[in-house]
Amino acid sequence: MNIAVIGAGYVGLVTGVSLAEIGHRVTCIDMDHKKVAMMTDGHSPIYEPYLEDMMRRNLRNGRLQFTTSHQEGFDGVEVIYIAVGTPQLPDGTADLQYIEQAAYDIATSFQNDIIVVTKSTVPVGTNARIKAFIDEVSMTERRVDIVSNPEFLREGSAVSDTFYGDRIVIGADNQEAANVLEQINEPFELPIYHTDLNSAEMIKYASNAFLATKISFINEISAICEKVGANVEDVALGMGKDRRIGEQFLKAGIGYGGSCFPKDTNALVQLAGNNQHNFKLLKSVIEVNHTQQKKLIEKTLQAVGELQGKKVALLGLAFKPNTDDMREAASIPIAHALKKHGAEIVAYDPIAMANAKKHLPEDVLYKASLINVLEEADVALILTEWNEIKTLDLSTYVKWMASPIIVDGRNCYSLDEVKKYPIHYVSIGRPTMNQRKMSFSIK
Ligand code: NAD
């Protein structure tokens, strides 16, 4: 099948490359000239395991190409995917300006009968409006069908999620169009779930809201664990063994971030509100998440006493491991709060430092390795559980830090292991280990 994908970001590029990999001829269109030039040269503009190799293979075999021209990209295609961003407006609703532009680009440039497939996360009713808009603006006799095909990949494992995901949701009000989408996706050999347009759009928001709820739930439990002397890791494991609950997304920490959960939970609250439903549960989930990042600062103050002039090492900056994405990363508000307290910040991330520079306070010093960042630091804050960070031998902290204090926002180390080292170790929902007596009080 000849396919165009509008928007070659985290979702569009992975989608385009994967569709080429299973045998389709794919043109990815992006308005960012620099990105298109990079991709045409075989370089991925995003860090995503396995993506670049697969992209190069499909460029070489001629099934994949990139362009900035919608006209060129739509030439001879039967299916056009929309994978542009849907960021958040100040009031929490989804900003649909890129979707509107993509719909306009389609309406003014398509040549054949087409099926438009929306991968972007959009509020319920948007797909129907995209179709109505294209029909109105295009003024051709060509037929346009629309399918909602929400994306569930996770950054950091996007390629494997595409090939080994749990399900593919196809939402359409036209059976023929839905069948074409099923055929396109057949080589992935994943379960396919058909719904109407509106339900498919809702599945995406409901899924993200539910996962965010699990995270905020376990974070609330972690706060109670701290008060009653329980260990949240053990609690989560004991809960997760119940198949009705499941083990995933029960990891206490500094909360969710990234390009999806924060904006999608806000958008669903707004969507509900616009339809006269007060989504109280989800509002609390969002509030708990905000509190979680503040707690890490409180814990740091409790451990260190005061931060003025103290050297604070940030370990991990990306919103999660295996990505360079800094959107809504916890490191951003945490670094700004530390600066307000007068801390001197040094930081390390294996991949995301170039992107981090655009978001963190200007005077943050970036270091080339974990050892460099720990050297003479007064306290180390673990913010992203990169493998390199969570497997770092605890003796490294002892060796390089003046008087080692770790505030672990991701519960990377087992308490039994920490016990063996002279490290003041604070984590989330677990007892503090080797606590030092403070010689001064917290302001
Ligand atoms: P992104 O910002 O990484 O990429 C969007 C790309 O679209 C950019 O490269 C931009 O230049 C391009 N673009 C915008 N308008 C264009 C136009 N008219 N023509 C050509 N190119 C255009 O966004 P993303 O993270 O890939 O997210 C895309 C959508 O997928 C969003 O709705 C998001 O909520 C959803 N989603 C994202 C993820 C994720 O993990 N990132 C997962 C599931 C769903």
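So which residues in region 98-134 are out of contact with any helix residue (DSSP H, G or I) (no Cβ under 8 Å at 6 or more places or on another chain), open to solvent by 10 Å² or more (accessible area, probe 1.4 Å) and either assigned by the TED database to the domain that holds T265 or within 10 Å of the ligand (Cβ to nearest atom) (or both)?
Across region 98-134, the qualifying residues are Y98, Q101.
Here's a check for you: in region 16-29, which residue that is open to solvent by less than 10 Å² (accessible area, probe 1.4 Å) and outside any strand (DSSP E or B) is nearest to the ligand (Cβ to nearest atom)?
Per the stated criteria, the residue is G16.
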Out of everything in region 63-102 that is part of a helix (DSSP H, G or I) and over 23 Å from M38 (Cβ atoms), what residue ends up being farthest from the chain's Cα centre (by Cα)? E100
In this structure, does S160 turn out to be open to solvent by less than 30 Å² (accessible area, probe 1.4 Å) and outside the structural domain of L415 (by the TED database)? no
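Can you list the helices (runs of 4 or more DSSP H) found entirely within region 261-370 that contain at least 1 residues being more than 16 Å from the ligand (Cβ to nearest atom) and over 30 Å from M202 (Cβ atoms)?
280-304, 331-340, 353-356
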All but one of (1) within 25 Å of Q71 (Cβ to Cβ); (2) within 10 Å of the ligand (Cβ to nearest atom) hold for T40, so report the exception by its number. (2)
State whether one or more residues within region 65-72 are open to solvent by less than 60 Å² (accessible area, probe 1.4 Å), closer than 30 Å to I351 by Cα and touching a His at 6+ places or on another chain (Cβ under 8 Å). yes
Only one residue in D53, D91, D95 is over 19 Å from V147 (Cα atoms), within 14 Å of the ligand (Cβ to nearest atom) and charged (D, E, K, R). Which one? D95
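Just need a number here: residues in region 1-15 that are part of a loop (DSSP other than H, G, I, E, B) and within 8 Å of the ligand (Cβ to nearest atom).
Matching residues across region 1-15 total 3.
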Restricting to region 135-158, name every residue that is more than 10 Å from the ligand (Cβ to nearest atom) and part of a helix (DSSP H, G or I). D135, E136, V137, S138
Close pairs from region 410-426: first in contact (Cβ under 8 Å) with a residue 24 or more places away in the chain, partner of a type in the set (S, T, Y), Cβ under 6 Å, at least 6 apart: N411/S427; V418/Y425; I423/Y397; V426/T432
Looking at region 271-289 only, could you name the residues that are open to solvent by less than 40 Å² (accessible area, probe 1.4 Å) and either aliphatic (A, V, I, L, M) or within 12 Å of A209 (Cα to Cα) (or both)? L271, A272, L282, V285, I286, V288
Looking at region 218-260, which of its residues are touching a Lys or Arg at 6+ places or on another chain (Cβ under 8 Å), open to solvent by 40 Å² or more (accessible area, probe 1.4 Å) and part of a helix (DSSP H, G or I)? E226, E233
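The values are calculated or read from the model by the stated rules, or taken from the named source; none is laboratory data. What you are looking at is a predicted structure, and each value in this text was computed from that prediction instead of being measured. Cβ sites come from the backbone with ideal geometry, for glycine too, and all protein chains shown count toward neighbours. Note: areas computed on protein heavy atoms with side chains; ligands, DNA, RNA excluded. Shrake-Rupley method; radii C 1.70, N 1.55, O 1.52, S 1.80 Å.
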